[in-house]
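Written out below as structure tokens is the structure these notes cover.
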Amino acid sequence: MDAQAQESFREFVANRSSALLKTAVLLSGGDRHAGEDLLQNALIKVAGRWHRVEEPEAYVRRVLYRQQVSRWRLKWPRRELSVPEPPDSGTDADVLADADLRLVMRGALARLTARQRTVLVLRYFEDLPEGDVARLLGCSVGTVRSTNHRALARLRAVAPELAALRAPGDRSVRNPAPLEVRS
């Protein structure tokens, strides 16, 4: 990699790594360390091809998704026990509510399969249409729809407490009946 490409890559990583890390952590089921590993591996792959990359962020995100797909297809998944980090200390009720939502969502996502988690992250966090998700994951639109449906049903079953929580910044009183994941 020449000096100009190296500087361009460093600038991209400095500017976009926090947003990419959020996606990687969500793809990893809320495990920050696994998300960091996922992002680091993706950036290593991208660095070798940097001079050919036309849309860097889209390319890095695609590598992230495919890395995650490769992880769930492994015959013997890594068996590690991770403990979630405690929430930030604060006295403001909104800060505490946001921390509660993050912790509950992290726990709920961790109870999904890697495929279900990936589909939900792509559909609702990245706000991608079903066709794009199918293309990224190398499956049919019907598979994305059924996986999405099963993932939401599983979230409702394993984490009914999500229905009672508010999204950050939402001041309305929410009916705790149906779970709404879309923001």
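Within the stretch 77-128, the set of residues being open to solvent by less than 70 Å² (accessible area, probe 1.4 Å), at pLDDT 80 or above and either touching a strand residue (DSSP E or B) at 6+ places or on another chain (Cβ under 6 Å) or outside any helix (DSSP H, G or I) (or both) comprises 112, 113, 126, 128. Looking only at the stretch 1-41, residues that are touching a residue at least 40 places away in the same chain (Cβ under 8 Å), more than 17 Å from residue 106 (Cβ to Cβ) and open to solvent by less than 70 Å² (accessible area, probe 1.4 Å) come to 5 in all. Yes or no: the stretch 54-62 includes at least one residue that is charged (D, E, K, R), closer than 23 Å to residue 135 by Cα and open to solvent by less than 40 Å² (accessible area, probe 1.4 Å). Yes: one or more hits.
Counting residues in the stretch 135-157 that are under 23 Å from residue 61 (Cβ atoms), open to solvent by less than 40 Å² (accessible area, probe 1.4 Å), in contact (Cβ under 8 Å) with a residue 60 or more places away in the chain and not small (Gly, Ala, Ser) gives one or more.
Residues that are over 19 Å from residue 110 (Cα atoms) and touching a helix residue (DSSP H, G or I) at 6+ places or on another chain (Cβ under 6 Å) were ranked within the stretch 148-181; the one that is modelled with the highest pLDDT is 168.
Of all the numbered requirements in (1) on the phi > 0 side of the Ramachandran plot; (2) at pLDDT 75 or above, residue 133 misses one, and that requirement is (1). Please go through the stretch 3-59 and give me each residue that is under 30 Å from residue 102 (Cβ atoms), in contact with a Phe, Trp or Tyr (Cβ under 8 Å, 6 or more places away or on another chain) and of a type in the set (A, V, I, L, M), ordered by number. Across the stretch 3-59, the qualifying residues are 26, 27, 46.
The values are calculated or read from the model by the stated rules, or taken from the named source; none is laboratory data. Quick caveat: nothing in here was measured; it's all calculated off a predicted structure. With ideal geometry, Cβ positions are generated from the backbone for all residues, glycine too; neighbour counts draw on all protein chains shown. Quick note on the areas: whole protein, heavy atoms, side chains included, nothing else; ligands and nucleic acids left out. Shrake-Rupley method; radii C 1.70, N 1.55, O 1.52, S 1.80 Å.
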